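First the structure, in the form of structure tokens, and then the observations on it.
All of the numbers you see were taken from the coordinates with simple rules; none came from a lab. Treat the numbers as computed from the prediction; the structure is a model and nothing was measured. Glycine also receives a Cβ, built like all others from the backbone with ideal geometry; neighbour counts cover every protein chain displayed.
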Amino acid sequence: MRLACLFSGGKDSTYAMYLMEQSGHEVVCLVTVMPADPHSWVFHTLNLEHLPEMAEALGKDLIAVSSSGEESGDLLALKEALEDLQVEGVVAGAIASDYQWDRINGVCEELGLRTLSPLWRKDQRMLMEDMLSSGMKVMVVGVSSEGLGEDWLGRIMDHDALDELAALAEDKGLNISGEGGEYETLVLDSPMHNMRLEPSRVQMRYHRDSGEVHIDRLLLIPK
């Protein structure tokens, strides 16, 4: 099946695309809605200015469309981005958010496209373990939850990090996969990447209980 992938550069959309390609489907392009409002409820917004480098590293065509950041504007932009593509379905990295899944699925149904969500309702600890085992290199680029301090910014996910997230999930009630917006990620490498990504001129900005990694340049490094 020819598919488009809703892509943010983070772990969930990247791993969902990986699973679909491992299942024999062809992901022909990446689709990203770029909300003006950084607090969009539907789409990821951090470091989207580096989407061209992310797409080039994966060897995929990129369709990026701007939106207001309000729900209606985001969904209209998504519809406009998808309606002329020669694809049969759309890959989404949703794990547990009914809000996100319902709205994306509604747009796809309207266009006669299948929605494929290979991460949906999976055990989240197991899912995170599988991501790491697949060879993905995942960096934390945003935190917004009690227990996730400045020391998490720029951290590369590994099994020790997963153990700490599991303990925080038990103690603080955060979502181990970050599905509730507790943290944001950027995938620097994976089995699908033709080139790995290397952040350059990085700034860590942390205030009170939240922070972000701001990347001035994202370099493409041959593998």
How much length would be gained if the chain were fully extended between ALA166 and ALA96, taking 0.36 nm per residue of separation minus their Cα-Cα distance, in nm to one decimal? 23.5 nm
Using just the Cα positions, wrap the stretch 120-214 in a convex hull and report its mean projected area in square nanometres, one decimal place. 6.4
State, to one decimal in nm, how far the label point of HIS207 lies from the label point of HIS159, with both points 7 Å from Cα in the Cβ direction. 4.0
Could you derive backbone 3J(HN,Hα) for the stretch 199-206 from the dihedral phi with the Karplus parameters 6.51, -1.76 and 1.60 (θ = phi - 60°), listing whole Hz in sequence and x where the residue is Gly or Pro? x, 10, 6, 9, 10, 9, 10, 10
If each residue of separation counts as 0.36 nm, what is the full-extension length gain between ALA64 and MET126 once their alpha-carbon separation is subtracted? 19.2 nm
Connecting C-alpha atoms closer than 10 Å in a GNM of the chain, tell me which of ALA57, ALA94, ALA167 has the biggest fluctuation. ALA167
Among residues other than GLN86 whose Cβ falls under 13 Å from its Cβ, what is the net charge (Lys/Arg +1, Asp/Glu -1)? -4
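Can you pull the Kirkwood radius for the chain, inverse mean 1/r over Cα pairs, to one decimal in Å?
So the Kirkwood estimate lands at 17.6 Å.
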Cα centroid distance between the stretch 11-32 and the stretch 64-137, in Å? 11
Count the DSSP beta bridges whose two residues both fall in the chain, then state the antiparallel fraction as a percent rounded to the nearest 5. 55
Could you work out which residue, out of LYS172, LYS11, LYS60, moves most in a Gaussian network model of the chain, that is, has the largest mean-square fluctuation with Cα springs under 10 Å? LYS172
Once amide H atoms are built 1.01 Å from N in the peptide plane, which residues 5 or more positions from ILE63, or in another chain, come under 5 Å H to H? LEU30, VAL31, THR32
In whole Hz, the Karplus estimates of ³J(HN,Hα) for the stretch 79-88 (6.51, -1.76, 1.60; θ = phi - 60°; x where Gly or Pro) are 4, 5, 5, 8, 5, 9, 7, 8, 10, 9
Across the chain, how many lysine pairs, 8 or more apart or on two chains, come within less than 28 Å at their alpha-carbon atoms? 15
Which loop GluC sites (Glu not before Pro) in the stretch 129-223, with loop taken from DSSP, have no more than 13 other Cβ atoms within 10 angstrom of their Cβ? GLU146
Calculated from DSSP H runs of 4 or more alone, at -39500 (n - 2.57) each and per residue, what is the 222 nm mean residue ellipticity of the chain, nearest 500? -9500 deg cm²/dmol
With the crude spin-label approximation of a point 7 Å out along Cα→Cβ, what separation in nm comes out for GLU198 versus LEU111? 3.6
What residues have an amide H closer than 5 Å to that of THR185, excluding those fewer than 5 places away on the same chain, when H is modeled at 1.01 Å from N in the peptide plane? LYS11, VAL141
Per-residue Cβ contact counts at 10 Å, fewest first, order HIS214, HIS159 as HIS159, HIS214
Per the rule of 0.36 nm per residue minus the C-alpha distance, extending GLU21 to SER144 adds in nm 41.1 nm
